[in-house]
Every structure is written in structure tokens, then in C-alpha cells.
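To start, the structure under review is shown below, and the notes come after it.
The values are calculated or read from the model by the stated rules, or taken from the named source; none is laboratory data. Keep in mind that what you see is a predicted model, and the values were worked out from it rather than measured. Neighbour counts run over all protein chains shown; Cβ positions are idealised from the backbone, glycine included. Please note that ligands, DNA and RNA were not included when accessible areas were found on the heavy atoms of the full protein model with its side chains. Shrake-Rupley method; radii C 1.70, N 1.55, O 1.52, S 1.80 Å.
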Amino acid sequence: MTVKRSEFGAGLDAFLDPDRMRDFGPNGLQVEGREEIGRVAFGVTASLALLERAAAWGADAVVVHHGLFWRGQGEVRVERSLRGRLKTLLDHEMSLFGYHLPLDRHPEVGNNAVFARRLGAAKTAPAFEWEGTPIGLAAAYEKPLPFGEFVAAVAAATRRDPLVEGAGPAEIRTFGVVTGGGARSVEEAARRGLDAFVTGEPSEAAVHLAREEGIHFLAAGHHATERFGVAALAEWVGTHYALETTIIEINNPV
């Protein structure tokens, strides 16, 4: 089973709705490869290691959360690491598709939605706006969860121990989640009266805010909290297009 590159890209765009908001870089097709797509590799970041493994597997296309091009990176010169990544894509005629914030905020396959479900949330609502559009979630449990069990649930979902600033209540009824680099949103979480806030990367300022506002702050890893979306999207692609898919894990401790 194969699908035209244009049809595949249009389907992803329709599902993830990248034009809904302004992002830090382009979403959708970033590098054009062969016209027919039958095998699709998925991963968090379009690193050279991921692209080389995708090529070895025989991928026609690669779909990632972190693509190659970002707003504010200055003049784009095809040299050094970027040259190596592009050369691998072009040599093997692999297309590269990247979806950043659309894959954070999507209600079904988004990083935040899947993470909240893994943590056992009974209810979720869009929250934590960036340029007027919510990119995270405020979540609630049906029954309060002891804080220690909440930390254990985060560790189990991300497969690593989070950094924990335990400044909140003994039981968790509500929590906020912004995967990746969302530490600044701990202030909004406190204003909302949430018991805990979970993100990927920590920040020095966020720890002080958590202490002063009396809210738990957990940083479980940028990479670790953003594995969820690509895995869920791979499942959707496999079902929707009946294509062969694989998830390539290139570990990153950050």
C-alpha cells in the first residue's frame, strides 16, 4: 500500500490543523522526497541519528515533532549539522514532515492529551495559551491522588524520574501539563488554583514561583514528555492510510 506524497501531507495537515496558530517554524512538509510513500518513520527530533536509522529501515518519509527549520535561527546556511541531515534526506529521497505546536495541542494525538491520559486524568480542558491559542491542558482526577503516587505515575509514563519541587498539597485533585519547554506556565497553573504542574524542562524561575505559590512543579524531560504525540500519530497513520510505520527512539537526557 502506498499513497502520494501530496495526499499524505494534505491528510496530516487536515488532521493536525497547523494553520490554526503561528508557530516557531514551518509545519508540514519541510523536505520533499519521493512521490510515493509506503513506509513512514516517526521520531521526536530530526537528528542525524534518527534520519540515518530511518534510511536504513527504508523509510519513504519521516514525521517528527522537532523539524529542521526554526524562526529566529538567523540566516540559514546549509553547512555542518544541517548539511548532514539534509544530505541524508536527499540521498535517500525521504520526505520530512514536522509538526510542532499542532502536535502538542491536538485533542486526540497531542503530547499533552496523551500524557494526561497516561496520568489517569478523568477530565481535561484546554489551557496555557501561547499567542491566543491554548497549547496545554488543565486536568482533574475523579478521586484525589496522593502526591507520591502522582510522582510515580509521571515517572512511569516518561520512563525516568522527574525533577520534583514538592511545594503543593498532600493530595492531587487537579494538575496542569505543558510538555517540552513549558516551565513559564507554572505561574498560570498557580493562578488557576491547580495542585501541580508538569512540564519537560525546568527553569530556575519556575522553582521559586512554585515554592512561593504553593504548587507542585515537576520537570520530566523535554524529550521524554514529547514521545507521546509521534507514537499516537504513527498509530493514526497506520490505521488511516494502512501504511507501514515504525517509531525510532533516539534517547536524549534533556
*If the Cβ limit is 7 Å and pairs must be 6+ apart or interchain, which residue in the range 109-138 that is at positive phi pairs with which residue that is in a loop (DSSP other than H, G, I, E, B)?*
Phe128/Gly182; Glu131/Met21; Glu131/Arg22
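For (1) open to solvent by less than 10 Å² (accessible area, probe 1.4 Å); (2) in contact (Cβ under 8 Å) with a residue 24 or more places away in the chain; (3) touching a Lys or Arg at 6+ places or on another chain (Cβ under 6 Å); (4) under 16 Å from Gly136 (Cβ atoms), each residue gets a yes or a no:
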| position | (1), (2), (3), (4) |
| --- | --- |
| Gly166 | no, yes, no, no |
| Arg173 | no, yes, no, no |
| Gly200 | yes, yes, no, yes |
| Glu244 | no, yes, yes, no |
*asked:* Suppose we filter Glu108, Glu149 for residues that are open to solvent by 80 Å² or more (accessible area, probe 1.4 Å), within 19 Å of Gly221 (Cα to Cα) and at pLDDT 95 or above; which single one remains?
replied: Glu149
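Yes/no per residue for (1) under 27 Å from Met1 (Cα atoms); (2) open to solvent by 30 Å² or more (accessible area, probe 1.4 Å):
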position: Ala54; (1), (2): yes, no
position: Ala59; (1), (2): yes, no
position: Val64; (1), (2): yes, no
position: Gly132; (1), (2): no, yes
position: Ala138; (1), (2): no, no
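Conditions tested, residue by residue: (1) under 20 Å from Ala190 (Cα atoms); (2) touching a residue at least 24 places away in the same chain (Cβ under 8 Å); (3) out of contact with any helix residue (DSSP H, G or I) (no Cβ under 8 Å at 6 or more places or on another chain); (4) not polar (S, T, N, Q).
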| residue | (1), (2), (3), (4) |
| --- | --- |
| Leu51 | no, yes, no, yes |
| Trp57 | no, yes, yes, yes |
| Arg71 | no, yes, yes, yes |
| Arg85 | no, yes, no, yes |
| Leu89 | no, yes, no, yes |
| Lys143 | no, no, yes, yes |
*What are the residues in the range 6-48 that are touching a helix residue (DSSP H, G or I) at 6+ places or on another chain (Cβ under 8 Å), within 23 Å of Thr225 (Cβ to Cβ) and of a type in the set (D, E, K, R), if any?*
Asp17, Arg20, Asp23
*Identify the single condition in (1) exposed (fewer than 15 other Cβ atoms within 10 Å of the Cβ); (2) within 14 Å of the chain's Cα centre (by Cα); (3) not hydroxyl-bearing (Ser, Thr, Tyr) that Val78 does not satisfy, given that it satisfies every other one.*
(2)
*Give the residues of the range 206-242 that are at positive phi and crowded, with 20+ Cβ neighbours inside 10 Å, sorted by residue number.*
Gly221
*Please work out if Gln30 is under 27 Å from Asn251 (Cβ atoms), at pLDDT 95 or above and of a type outside the set (Phe, Trp, Tyr).*
yes
_the range 23-33: number of residues that are open to solvent by 70 Å² or more (accessible area, probe 1.4 Å) and within 12 Å of Leu90 (Cβ to Cβ)_ = 1
*Find the strands (runs of 3 or more DSSP E) located wholly in the range 134-211 whose residues include 1 or more that are touching an Asp or Glu at 6+ places or on another chain (Cβ under 6 Å), and list them.*
171-178
*Assess whether Glu93 counts as being open to solvent by 10 Å² or more (accessible area, probe 1.4 Å), touching a residue at least 12 places away in the same chain (Cβ under 8 Å) and either closer than 25 Å to Gln30 by Cβ or among the polar types (S, T, N, Q) (or both).*
yes
